[in-house]
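Structure first, commentary second.
The values are calculated or read from the model by the stated rules, or taken from the named source; none is laboratory data. Everything quoted here is computed from the prediction, not taken from an experiment. Using ideal geometry, Cβ is built from the backbone for each residue, glycine included, and neighbour counts are taken over all protein chains shown.
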């Protein structure tokens with residue numbers, strides 16, 4: 001009873017003779033019999049899935065048991081029989097007499113749960129063998145368009161997936177609506193720390209792919225770093241992974257420290273502190289950053305598979321994960337280097353990032369730099385039309401946000417200050433017009449220097465609108481309007 005067919009310890013791992021993958025049909029029969037004798041066994045074996053069984057007939061029987069229990073019915077030989085008796089794999093195994101034999105192999109509840117653990121353990125071993133064989137095959141295959149690191153990362157992710165405890169299923173629609181009903185106004189998503197944006201989006205939702213786009217110097221990275229630092233999951237600081245593929249880890253940390261310490265980045269860059277206490281604020285901010293559940297990883301040219309693997313590592317290290325930020329799309333290496341079509345490459349990058357968001361149950365905020373087409377028109381506020389040359393971004397993203405700062409363009413369109421020596425008297429209309437133009441510009445730039453807009457141009461499950469934020473470029477700071485003025 002309970003014979004386990006396994007690989008000999010003396011066998012060489014490079015032995016090419018056939019060896020049967022490890023399994024135990026007796027353990028599978030004993031477990032299934034135990035479940036049909038006492039359905040309470042399932043309470044202690046929720047980790048076991050049909051695909052964990054070595055024999056297809058056993059997987060079909062287990063699927064039938066789960067289907068019956070899901071409908072609230074008792075799963076025993078009489079109720080299971082109509083669901084499986086005509087299936088080819090059951091007929092091939094011996095038909096109804098085989099099902100009766102499985103039922104007669106029943107063991108007690110505690111033993112059945114132990115057999116469930118054995119069944120899953122043997123499945124993990126079979127999958128490890130399959131991964132190992134794939135690694136060997138890939139190592140011998142001369143596919144130089146795909147580097148060895150990408151092959152290893154894919155294999156590592158597969159191995160990690162074997163032993164990772166799956167996140168609980170997300171609540172059903174009614175349960176979620178009931179939670180909202182009982183907690184009106186409560187933010188159910190991950191807070192980004194910006195009240196107006198949280199109110200519009202109801203927070204960043206698990207499984208969402210959120211695009212944060214803009215032209216250079218609009219503050220995309222600064223805004224993302226600010227949100228990552230301020231993010232909250234409920235009342236607790238959110239556990240965040242921040243992938244910086246363009247700037248270094250140190251540059252992102254300096255942005256955050258500047259905001260926390262209220263010390264300009266230029267001061268830190270040059271060391272021109274007003275006094276020792278100002279530098280002390282920097283040290284204190286650095287220590288606060290070190291204690292945050294925020295993992296910043298700086299590495300250029302990562303593939304989606306590498307980002308996913310690192311996110312899983314970070315999730316284990318932090319004891320969970322609430323949000324992922326990736327800066328930025330154009331610096332992510334495509335999975336298939338043989339593809340030269342950029343539109344196709346972007347599609348191949350977005351799909352695994354979207355899948356990662358769903359798999360890890362977290363929002364993924366992806367930064368993206370818009371093309372120069374925005375600069376060619378008078379109104380330079382970005383629109384969804386500006387994504388048309390970027391593949392399927394608009395379709396794949398659940399939320400599309402653009403960051404826009406009017407001050408950036410005003411500073412580059414500063415009118416000349418009229419020279420009083422050129423004034424020719426009250427009849428000099430050109431001089432007066434120049435004065436009015438200069439005064440209007442000064443009013444606009446004063447207003448715009450501390451303002452930034454986040455344009456929510458797409459929200460799959462909510463309204464679109466524009467949110468105004470406070471901005472201070474010297475301190476790498478985005479915040480709620482009225483908080484810092």
(request) Can you give me the number of residues within segment 85-112 that are touching a helix residue (DSSP H, G or I) at 6+ places or on another chain (Cβ under 6 Å) and closer than 25 Å to residue 127 by Cβ? (result) 6
(request) Name the residue, out of 68, 122, that is touching a strand residue (DSSP E or B) at 6+ places or on another chain (Cβ under 9 Å) and either in a helix (DSSP H, G or I) or touching a residue at least 24 places away in the same chain (Cβ under 8 Å) (or both). (result) 122
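One residue is enough: does segment 429-447 have a residue meeting the conditions outside any helix (DSSP H, G or I) and in contact with a helix residue (DSSP H, G or I) (Cβ under 9 Å, 6 or more places away or on another chain)?
no
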(message) Of all residues being closer than 29 Å to residue 228 by Cα and touching a helix residue (DSSP H, G or I) at 6+ places or on another chain (Cβ under 9 Å) in segment 331-341, which is modelled with the highest pLDDT? Just the residue, please.
(response) 332
(request) Taking only segment 213-233 into account, find how many residues are in a strand (DSSP E or B) and in contact with a helix residue (DSSP H, G or I) (Cβ under 6 Å, 6 or more places away or on another chain). (result) 1
(request) Might you check whether a residue that is surrounded by 17 or more Cβ atoms within 10 Å (Cβ to Cβ), within 30 Å of residue 177 (Cβ to Cβ) and in the same structural domain as residue 269 (by TED's automatic domain parsing) occurs anywhere in segment 473-480? (result) no
(message) Looking only at segment 322-343, count every residue that is assigned to a helix (DSSP H, G or I) and either more than 28 Å from residue 294 (Cβ to Cβ) or free of Cβ contacts under 8 Å to residues at least 24 places away in the same chain (or both) and tell me the total.
(response) 2
(request) Within segment 234-249, count every residue that is in contact (Cβ under 8 Å) with a residue 60 or more places away in the chain and part of a strand (DSSP E or B). (result) 5
(request) Return yes when residue 346 is touching a helix residue (DSSP H, G or I) at 6+ places or on another chain (Cβ under 9 Å) and either surrounded by 17 or more Cβ atoms within 10 Å (Cβ to Cβ) or part of a helix (DSSP H, G or I) (or both) and no when it is not. (result) yes
(request) Those residues that are farther than 11 Å from residue 209 by Cβ and either crowded, with 20+ Cβ neighbours inside 10 Å or within 17 Å of the chain's Cα centre (by Cα) (or both), I need them from segment 350-369; list them, please. (result) 359, 360, 361, 367, 368
(message) Return the residues of segment 36-56 that are crowded, with 23+ Cβ neighbours inside 10 Å and modelled with pLDDT under 95; say none if nothing qualifies.
(response) 41
(request) Take residue 362 and decide whether it is assigned to a strand (DSSP E or B) and either under 29 Å from residue 188 (Cα atoms) or modelled with pLDDT under 90 (or both). (result) no
(request) Could you tell me whether segment 165-174 includes any residue that is at pLDDT below 95, in contact with a strand residue (DSSP E or B) (Cβ under 8 Å, 6 or more places away or on another chain) and either over 30 Å from residue 131 (Cβ atoms) or assigned to a helix (DSSP H, G or I) (or both)? (result) no
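Given the criteria out of contact with any strand residue (DSSP E or B) (no Cβ under 7 Å at 6 or more places or on another chain), crowded, with 17+ Cβ neighbours inside 10 Å, modelled with pLDDT of 70 or more and in a loop (DSSP other than H, G, I, E, B), does residue 106 qualify?
Details: out of contact with any strand residue (DSSP E or B) (no Cβ under 7 Å at 6 or more places or on another chain): yes; crowded, with 17+ Cβ neighbours inside 10 Å: yes; modelled with pLDDT of 70 or more: yes; in a loop (DSSP other than H, G, I, E, B): yes.
So residue 106 fits the description; yes.
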(message) Anything in segment 293-304 that is surrounded by 21 or more Cβ atoms within 10 Å (Cβ to Cβ) and out of contact with any strand residue (DSSP E or B) (no Cβ under 8 Å at 6 or more places or on another chain)? List them, or say none.
(response) 303, 304
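Could you please let me know if residue 296 is outside any helix (DSSP H, G or I), modelled with pLDDT of 95 or more and closer than 27 Å to residue 207 by Cα? Full working, then the answer.
Details: outside any helix (DSSP H, G or I): yes; modelled with pLDDT of 95 or more: yes; closer than 27 Å to residue 207 by Cα: yes.
So residue 296 passes the test.
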(message) Looking at (1) in a helix (DSSP H, G or I); (2) surrounded by fewer than 17 Cβ atoms within 10 Å (Cβ to Cβ); (3) modelled with pLDDT of 90 or more, which one does residue 463 not meet, given that it meets all the others?
(response) (1)
(message) Residues to consider are 266, 306; find the one that is assigned to a helix (DSSP H, G or I) and within 25 Å of residue 219 (Cα to Cα).
(response) 266
